[in-house]
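First the structure, in the form of structure tokens, and then the observations on it.
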Amino acid sequence: MGRLEVVAHGAAFAGTGVDIGALALLERLPAMSDAPEAIDLACGTGVLGTALALARPGIRVLATDASAAAAASAAATAAANGVADRVRVRRADGLEGVPDASAPLILLNPPFHIGAAVHTGAAERLIADAGRALAPGGELWCVWNAHLGYRPLLARIGETRQVARNAKFVVTATRR
């Protein structure tokens, strides 16, 4: 992946940088299904969706986040990298408005904090929502802090394989 320009408004997580969890997932872009459409769920600054659009000129991406600052940041990141025509950003709570069983590819780097406290509720809800929206045969690529143990939640969606792991993060691919 070449240089990615990241734009951040307000309190968008990781600011204008790329957090190390996202980097772990970005390293796996070539292994992801060659879907014509994808969703960057809980997109933050839009790093995953924008990088995917840069890597695959034919793909269309929907980036969603509940935060107004994050949605504005994701739209600005897509524009700064010349892919705003293929990365549509929507402020949404999870995948509201996305039909059941319709998404061929979802990327998720879920939040695990509320303020300074570790809290898994948002991630658990996002994983469940991804399972609802994932098309049969579709893939959910997720990166998460190893100590949080989301694998059982992912396995409820479908066959889940560990793609990468280090001391801090796990990258999984789940096929519905």
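The values are calculated or read from the model by the stated rules, or taken from the named source; none is laboratory data. Just so we're clear, the structure is a prediction, and the values are computed from it rather than from any experiment. Glycine also receives a Cβ, built like all others from the backbone with ideal geometry; neighbour counts cover every protein chain displayed. The accessibility values were calculated without ligands, DNA or RNA, using every heavy atom of the protein model including side chains. Shrake-Rupley method; radii C 1.70, N 1.55, O 1.52, S 1.80 Å.
Keeping to segment 48-60, report how many residues are open to solvent by 60 Å² or more (accessible area, probe 1.4 Å) and either touching a helix residue (DSSP H, G or I) at 6+ places or on another chain (Cβ under 9 Å) or part of a helix (DSSP H, G or I) (or both).
From segment 48-60, those open to solvent by 60 Å² or more (accessible area, probe 1.4 Å) are 54-55, 57-58, 60; that's our starting set.
Retained after the next criterion (residues that are either touching a helix residue (DSSP H, G or I) at 6+ places or on another chain (Cβ under 9 Å) or part of a helix (DSSP H, G or I) (or both)): 54-55, 60.
Going through segment 48-60 one residue at a time, the tally reaches 3.
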- request: State which residue is modelled with the lowest pLDDT when the search covers only segment 1-31 and only residues that are surrounded by fewer than 18 Cβ atoms within 10 Å (Cβ to Cβ) and assigned to a helix (DSSP H, G or I).
  value: Ile20
message: Please determine whether any residue of segment 32-47 is in contact with a strand residue (DSSP E or B) (Cβ under 6 Å, 6 or more places away or on another chain), touching a residue at least 12 places away in the same chain (Cβ under 8 Å), outside any helix (DSSP H, G or I) and open to solvent by 40 Å² or more (accessible area, probe 1.4 Å).
response: yes
task: Report yes if Leu95 is touching a Pro at 6+ places or on another chain (Cβ under 6 Å), within 15 Å of Asp40 (Cβ to Cβ) and aliphatic (A, V, I, L, M), otherwise no.
output: no
message: I need every pair where a residue in segment 149-173 that is free of Cβ contacts under 8 Å to residues at least 60 places away in the same chain and over 19 Å from Leu23 (Cα atoms) has its Cβ under 7 Å from the Cβ of a residue that is open to solvent by 60 Å² or more (accessible area, probe 1.4 Å) and part of a strand (DSSP E or B), sequence separation at least 6 or different chains.
response: Gly158/Arg175; Glu159/Arg175
query: With respect to the numbered conditions (1) in contact with an Asp or Glu (Cβ under 7 Å, 6 or more places away or on another chain); (2) touching a residue at least 40 places away in the same chain (Cβ under 8 Å), which one is the sole condition not fulfilled by Glu139?
result: (1)
